[in-house]
């Protein structure tokens, strides 16, 4: 199966004007494990990004990490009217539009330890799990400011959103429908002012809405009880732990050392490349 990571750098440069671009060490380490684990399962994985991140990864010596190459498909792809604050993950949707189906979109902080190929067989799309419709995260249509040209009223607001830390797209037609609708929403919301509700609507709620509208077969790979239950060894998603690490330097160091140890144990051939990255060497 073909998969891809995504890195759009404009949110970083917008939040940190004049600062040199960088990815945090824990994110680099999970990116390495995510890519190597996918390849261990026989897959091809690429990095879809812009020129700044492409040069950054190459400069760190990580260009060989992705056996599908680094693909600067986001360079000049996203209009300036799409807010990098409100739509900080917009790069995923623009990158997905360019990728051939079937494909799997994987966040750089998500590691898949087991194959999902059998679970995705026959599906038009798949996502890691459903999410509850909490109104502070997934509000109703009156919350959103959109310009004429995007119809919020024509959507089914009763369907549960899908978490897209990992998402599979088997149908090119459905992928086209979903990305067109999500991109249209972002491009019709130039005054978006909330970096949570607008982004998760575009990326996660519209996926399930589009599937319901099209009658597409949407597979759900897991659930929250399984993901957070003891003994679950299929997936690692760091998302909820990031801020805890930033607030606790000891936890940050311990996590990075665990990742480095896993790389050394399971991928001794790549470990020297990762250890040579200046900001990662201390963890090896």
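Counting just the residues of region 214-226 that are modelled with pLDDT of 95 or more and surrounded by 16 or more Cβ atoms within 10 Å (Cβ to Cβ), which one comes out nearest to residue 140 (Cα to Cα)?
Once the filter is applied, the top-ranked residue is 214.
For every residue, the table says whether it meets (1) in a helix (DSSP H, G or I); (2) touching a residue at least 60 places away in the same chain (Cβ under 8 Å).
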site: 157; (1), (2): no, no
site: 164; (1), (2): no, yes
site: 168; (1), (2): no, yes
site: 173; (1), (2): yes, no
site: 176; (1), (2): yes, yes
site: 186; (1), (2): yes, yes
site: 191; (1), (2): no, no
site: 203; (1), (2): yes, yes
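Which numbered condition trips up residue 91, out of (1) in contact with a helix residue (DSSP H, G or I) (Cβ under 6 Å, 6 or more places away or on another chain); (2) closer than 29 Å to residue 195 by Cα?
Condition (1) is where residue 91 drops out.
Given 78, 128, which one is at pLDDT below 95, touching a helix residue (DSSP H, G or I) at 6+ places or on another chain (Cβ under 9 Å) and surrounded by 19 or more Cβ atoms within 10 Å (Cβ to Cβ)?
From the options 78, 128, the qualifying one is 128.
Yes or no: region 237-256 includes at least one residue that is farther than 27 Å from residue 33 by Cα and either without any contact (Cβ under 8 Å) to a residue 60 or more places away in the chain or surrounded by fewer than 19 Cβ atoms within 10 Å (Cβ to Cβ) (or both).
no
The values are calculated or read from the model by the stated rules, or taken from the named source; none is laboratory data. Source: prediction; values computed, not measured. Note that each Cβ is placed from the backbone with ideal geometry, even for glycine, and that neighbours are counted across all protein chains shown.
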